[in-house]
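Peer 1: This structure is in structure tokens; I'll ask about it shortly.
Please treat every number below as a calculation from the coordinates, not as lab data. Values in this document were obtained by computation on a predicted structure and should not be read as measured data.
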Ligand code: NDP
């Protein structure tokens, strides 16, 4: 029987994951089916258990169920535990293993696609929500010179610094930024509302790579602001494609090539 996977969310019609995984399967010669799965807001756990009963091999999890997925997993990987959220579930031998590939996706997009290694760099992470939390451990594992978390609600950033307990990690307020960083990652949801986090122009210089986790047809306000102050800019589409490649590798044991898939997806926006 052909192995079955899906992406679970609410809403889910907009998800690009089925297209990405279909491209990876074709490229690597893997035989699988990957569908969209809409779960009721109060019915995530039932939906997952039904998938397990139907013989599915795994599922990606998107908004708003990443915390619910961590709660129903029978085992969490280290990176999922650190993230406190799960975007990749694997079903085998009665176990539900929760993993989080968002951070690896970001790191691989920076290092492989953008050609910007994190090692030795000064990195600024804007935001302290689910997306930010998911990328902290994978970024620290790259050995940055420092990783600074700036958040509107300072206490949330302080709590993350305390949780990870790394000497490379510190928190600050948006107003405390006085000099440019090598890499600036916008993990706030401000872009969704067309807003800019209140960061000063001094955050950026010509050597800065500014990445917004959001993606769409047009550059975000953050990308426009960073670009107008000399930074090289990038959106979150590469991260999306790379987190999917990491999930595909977890499930199938084969790593797909991402550049052509990223190009294809970009053209379809
Ligand atoms: P959360 O709701 O968990 O967190 C939102 C964060 O944004 C908080 O830190 C919040 O600060 C901050 N924030 C919200 N509005 C503003 C504002 N106007 N100014 C400054 N800070 C603000 O969201 P997520 O972490 O789940 O998602 C964040 C973004 O990441 C979304 O755009 C999402 O689409 C994107 N994403 C992209 C992925 C990809 O593969 N490319 C993967 C995952 C997420 P406070 O604590 O003060 O409320």
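Peer 1: With angles folded into 0 to 90 degrees, how steeply does helix 237-252 sit against the dominant principal axis of the chain? Use alpha carbons for both and round to 10.
Peer 2: Rounded to the nearest ten degrees, it is 40.
Peer 1: I need the Debye-formula profile for the chain: one equal scatterer per C-alpha, no solvent, reported as log10 I(q)/I(0) at q = 0.08, 0.11, 0.14 1/Å, two decimals.
Peer 2: For the chain at q = 0.08, 0.11, 0.14 Å⁻¹, log10 I(q)/I(0) is -0.32, -0.60, -0.97.
Peer 1: Turning to a different aspect of this structure: Take the alpha-carbon positions of the stretch 25-156, form their convex hull, and give its projected area averaged over all directions (one quarter of the hull surface) in nm². Spell out each step's value before the answer.
Peer 2: Working: hull surface 39.8 nm².
Taking a quarter of the hull surface, the average projection is 10.0 nm².
Peer 1: Would you compute, from DSSP H runs of 4+ residues alone, the mean residue ellipticity of the chain at 222 nm, taking -39500 (n - 2.57) per run and dividing by the full residue count, rounded to the nearest 500?
Peer 2: Details: 10 runs with 98 residues, N = 269.
Mean residue ellipticity, 222 nm, calculated: -10500 deg cm²/dmol.
Peer 1: Further question: Evaluate the Debye formula for the stretch 114-168 with equal point scatterers sitting on the alpha carbons, no solvent, and hand back log10 of I(q)/I(0) at q = 0.20, 0.22, 0.24 Å⁻¹, in q order, two decimals.
Peer 2: -0.67, -0.81, -0.95
Peer 1: Can you give me the pair-distance distribution of the stretch 6-92, C-alpha pairs, 10 Å bins, whole percents?
Peer 2: 17, 49, 31, 3
Peer 1: Cα-Cα pairs above 15 Å in the stretch 160-223: how many percent?
Peer 2: Here the long-distance tail beyond 15 Å is 58 percent of all Cα pairs in the stretch 160-223.
Peer 1: State the antiparallel share, in %, of DSSP beta bridges confined to the chain, rounding to the nearest 5.
Peer 2: Restricted to the chain, the bridges split so that about 20 percent are antiparallel.
Peer 1: Residue separation times 0.36 nm, minus the C-alpha to C-alpha distance between residue 153 and residue 19: what's the value?
Peer 2: Roughly 44.6 nm would be gained on extension.
Peer 1: Now for a different question. Given N residues in the stretch 84-158, what is its alpha carbon radius of gyration divided by 2.2 N^0.38 Å?
Peer 2: 1.26
Peer 1: Next up: Under the Kirkwood approximation for Rh and a Cα-based Rg, what ratio Rg/Rh is obtained for the stretch 53-113?
Peer 2: Reported Rg/Rh (Cα atoms, Kirkwood Rh): 1.02.
Peer 1: How long are the semi-axes of the equivalent ellipsoid of the stretch 103-235, taking √(5λ) for every eigenvalue λ of the Cα gyration tensor, in whole Å from largest down?
Peer 2: 20, 17, 14
Peer 1: Give the separation of the Cα centroids, the stretch 74-108 to the stretch 204-250, in Å.
Peer 2: Spelled out, the Cα-based centre of one part sits 23 Å from the other.
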